[in-house]
1. Suppose we keep only residues that are open to solvent by less than 10 Å² (accessible area, probe 1.4 Å) and hydrophobic (A, V, I, L, M, F, W, C) within segment 80-96. Which one would you say is modelled with the lowest pLDDT?
2. Within segment 368-381, is even one residue at pLDDT 95 or above and not in a helix (DSSP H, G or I)?
3. For segment 210-225, indicate whether the set of residues that are closer than 27 Å to K298 by Cα, open to solvent by less than 50 Å² (accessible area, probe 1.4 Å) and either small (G, A, S) or not in a helix (DSSP H, G or I) (or both) is non-empty.
4. If you check K99 against the conditions, is it assigned to a helix (DSSP H, G or I) and open to solvent by 10 Å² or more (accessible area, probe 1.4 Å)?
5. Name the residues in segment 252-270 that are under 18 Å from Y216 (Cβ atoms) and part of a loop (DSSP other than H, G, I, E, B), would you?
6. List pairs: first residue in segment 216-230 and closer than 19 Å to Q110 by Cα and in contact (Cβ under 8 Å) with a residue 24 or more places away in the chain, second residue open to solvent by 10 Å² or more (accessible area, probe 1.4 Å) and in a helix (DSSP H, G or I) anywhere in the structure, Cβ distance under 6 angstrom, at least six positions apart or on different chains.
7. Say whether the condition of being farther than 30 Å from A245 by Cα and open to solvent by less than 10 Å² (accessible area, probe 1.4 Å) is met by at least one residue in segment 301-321.
8. Just the residues that are open to solvent by 30 Å² or more (accessible area, probe 1.4 Å), at pLDDT below 95 and out of contact with any helix residue (DSSP H, G or I) (no Cβ under 8 Å at 6 or more places or on another chain), please, taken from segment 330-357.
Amino acid sequence: MSTSYTRRGFLGLTSAAALGAGLSACTGGGTSTGGGATEAASNNLRLFTYEDDSTIGLLKAQIKKFDEQNGTTTTVDSLPGSGAAVYPDKLRTELLGGKGPDVWRIWGGQIGAPFAKAKQALDLSKYYDKYGWDSKINTKAIGGMTFDGVKSGVPFISLGIGAWYNKSLFAKAGIAAAPKTYAELEAANDKLVAVGVTPCGLGGKYGWDIMRLFEYLLEHTAGPDLHDKLLTGAESWDRPEVVEAFTLFKKWQDKKWLPQGALALDPSDVEPWYVQGKTAYTITGPWTEAAAILAAKKSSSAFGNFELPTDKTPARHSGFVEGYMINARSGNADKAAALIDFIVQPASQKAMNITASTVKGAEPDPKALPLAAEWAQKYSGNPFYTIQDQAFPKKQADQYFSVQSDLLQGSVKPDAAAKKMQEIVSAWAKS
């Protein structure tokens, strides 16, 4: 796991975020010529990714195995430390310049969507049929890489965001079980504060971490149908449900349910606090077991997780997917699809230590990662709403984070924040 955080950099965790190998000038075969033509097929492939330096060797080992079996030569390039704030722009520049890769890794939502809408990513429907991916991969994850009805990517990671907590601190506050309703969560927060424990550890620097609280509150006040419509601009944000969510957001700060000075805190510092005993819980994904609990040489048995209660049906959590796309101008589409199919085999996923795989038969090992396995068993089948900094393009996400900050600093009221969000989202939706 990378410890260098950007606004969206944390999205690429669990198998990956960055590698110091740099971006090779080699483009391999089967890439665009720059004039819109498709280059002739060859046995050379190029894959562009953002793997962490601790996992890139595992990916390359599987790629080598594929090449040996198929007579191909695949170049693997990775962009170091970029996260979703840099990597998509670099990829877009390559594609527009005619030197794009045959296969690239990407996030779903509004990070992957532009490549599909610009038809830079190939429609993979025929390969879904050929390889039976619909029956092998979590269908909800496939939905995260389907745009306007077109299956433009093959997801291999699906991550859900929930509450990860310190059992001893819950016990200290007399909290016998994980909250099942929003009222119980608020009551738990009050009990924790009463015994001198800060409930929820989130950092506001970069915007995306503390965002996880607001998006949860919006799911609670708006419910699944309205929440989804708000994220696409199909309904106005200038409405009571949004005002209520912003009101609760401010309440969490004012009642000291968040760390003091949360807006200035770096998520990389704050997230592990629940392991260190400085906060009772945080809002994060399954990667935290390895990155925070096991890295601190703590026993997973001292911690737990739960889906944040929304009081709505169906119960949903924040989530996102990552997967692979194929260059629409590649002359090697068949070989690229075969490579992706090789990567999403259970044996390959396990060999690469993918701990949140979408692939059936590649679930996390409960002996190595019991909490991640527990999360997968209990909640991975539940629907999820798109994590909000993946639901919005970068420009709108940055504006959204400014609204969050202004609200918590007291420079705008909840009703004004709702109106401002409507301006931001409607301008994007119209464009």
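The values are calculated or read from the model by the stated rules, or taken from the named source; none is laboratory data. A quick note: this is a predicted structure, and the numbers were derived from the prediction, not measured. Every residue, glycine as well, gets a Cβ built from its backbone with ideal geometry; the counts of neighbours run over all protein chains shown. All accessible areas refer to the heavy atoms of the entire protein, side chains included, with ligands and DNA or RNA removed. Shrake-Rupley method; radii C 1.70, N 1.55, O 1.52, S 1.80 Å.
1. So the residue we want is A84.
2. No, the conditions are met nowhere in segment 368-381.
3. No, the conditions are met nowhere in segment 210-225.
4. The answer is no for K99.
5. Across segment 252-270, the qualifying residues are K255, W257, L258, P259.
6. Going by the 6 Å Cβ cut-off, there are no qualifying pairs.
7. Looking for residues that are farther than 30 Å from A245 by Cα and open to solvent by less than 10 Å² (accessible area, probe 1.4 Å), one finds none in segment 301-321, hence no.
8. Within segment 330-357, just K350 meets the criteria.
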